[in-house]
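Notes follow once the structure below has been shown.
The values are calculated or read from the model by the stated rules, or taken from the named source; none is laboratory data. The structure presented is a predicted model; accordingly, all values stated were derived computationally and were not measured. Neighbour counts are summed over all protein chains in view; Cβ atoms, including those assigned to glycine, are modelled from backbone coordinates with ideal geometry.
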Amino acid sequence: MKAFVSVPREALFTVLRRYGMRDHFVKVLIRLHYGSKVKVKIGEVTSEIDSTIGVRQGSYEGPVLFLFIMQAAMETLEWPECVSKPESMTREYRKTTGERASRVRDACCGSPPERP
């Protein structure tokens, strides 16, 4: 299953509000996703079904919205003691600017697995 299709929409809208997106923009996204359909073709038969989960496929905003979900997931993971937890830093007006520049990435938890 593709990751974009598995994003719970209510979680997406909650995360967007948490990161400071104004409510009227979230409401626009809700309206864009409300009543969306997925076209499915099996053999020669084509049908449409309601889409109730995931970001809109083929849309420009889909990948960006997915990044918000991934950032929220990264912030809620439990990290090993030897790895510092990444943090998104913000400036005024809740503008996300990226992780701490001073974050040190070390390999104390072992080296990455070798590729075959």
_Being out of contact with any strand residue (DSSP E or B) (no Cβ under 7 Å at 6 or more places or on another chain), among the basic types (Lys, Arg) and exposed (fewer than 13 other Cβ atoms within 10 Å of the Cβ) is the requirement here; does Arg31 meet it?_
yes
*touching a strand residue (DSSP E or B) at 6+ places or on another chain (Cβ under 6 Å), modelled with pLDDT of 80 or more and not charged (D, E, K, R) - does that describe any residue in segment 49-70?*
yes
*Report yes if some residue within segment 40-47 is of a type in the set (Gly, Ala, Ser), surrounded by fewer than 14 Cβ atoms within 10 Å (Cβ to Cβ) and at pLDDT below 85; otherwise report no.*
no
